[in-house]
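Below is one structure, written out as structure tokens; the observations come after it.
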Amino acid sequence: MIAATPEPPYYAVIFSSLRSEADEGYAQAAERMLALARQQPGFLGVESARGEDGLGITVSYWRDEAAILAWKQHAEHSEVRRKGRDSWYAAFATRVCKVERAYAFER
């Protein structure tokens, strides 16, 4: 589903990842993080996809950089990020972008 975002400016956090073989608890943690993120002040939406090659891309949208930092510092989110580095991901990259223009089409 395409996230419904407000008129720019707002921010996007792009999380690109390659999964490792470890899977224990991943789906539950991902579901919990999405539920928690939706409760965070400044959260606007999320889009996510994973290909057959294991490459996953999740884009979360935020009102401002303060909201992104608050989410990064959330205690439970910090613990899940540690678990991701230790077990679930072979590699990942996080990019933070300011969205200045946005275009949409819907049939």
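Candidates L55, P8, A102 compared by Cα position along the dipole of the chain: farthest toward the positive end lies P8, with charges placed on Cβ. Taking the Cα centre of region 24-99 as origin and assigning +1 to Lys and Arg Cβ atoms and -1 to Asp and Glu Cβ atoms, the resulting dipole is close to 240 debye.
Amide H to amide H distances under 5 Å link S20 with Y89, A90, where only residues 5 or more positions off or on other chains count and H is placed in the peptide plane. With a Förster radius of 22 Å applied to the beta-carbon distance between A35 and A4, the computed FRET efficiency rounds to 0.75. A Förster radius of 41 Å, combined with the Cβ-Cβ distance separating R85 from E106, puts the computed FRET efficiency at roughly 0.65.
Cβ-to-Cβ counts within 10 Å put Y26, Y10, Y103 in ascending order as Y103, Y26, Y10, the fewest first. Largest GNM mean-square fluctuation among D86, D23, D53, using the chain with Cα springs under 10 Å: D53.
Below 8 Å, C-alpha to C-alpha, sequence gap of six or more: please give me the relative contact order for the chain in percent. Relative CO of the chain lands at 46 percent. For the chain, what is the calculated [θ] at 222 nm in deg cm²/dmol (nearest 500), taking -39500 (n - 2.57) for each run of four or more DSSP H residues and dividing by its residue count? It comes out at -9000 deg cm²/dmol, rounded to the nearest 500. Whole Å is fine, so just give me how far the alpha carbon centre of region 49-107 lies from that of region 1-18. About 9 Å separates the Cα centre of region 49-107 from the one of region 1-18.
The percentage of C-alpha pairs in the chain whose separation is greater than 25 Å is 21%. Please work out the FRET efficiency for the pair A27 and K72, using the Cβ-Cβ distance as r and a Förster radius of 25 Å; give the result to the nearest 0.05. Efficiency for this residue pair is about 0.70.
Each value in this text was obtained by applying a stated rule to the coordinates, not by laboratory testing. Bear in mind the structure is a predicted one, so any value in this text is a computation, not a measurement. Because the Cβ atoms are built from the backbone with ideal geometry, glycine has one as well, and the counts that use them run over all protein chains shown.
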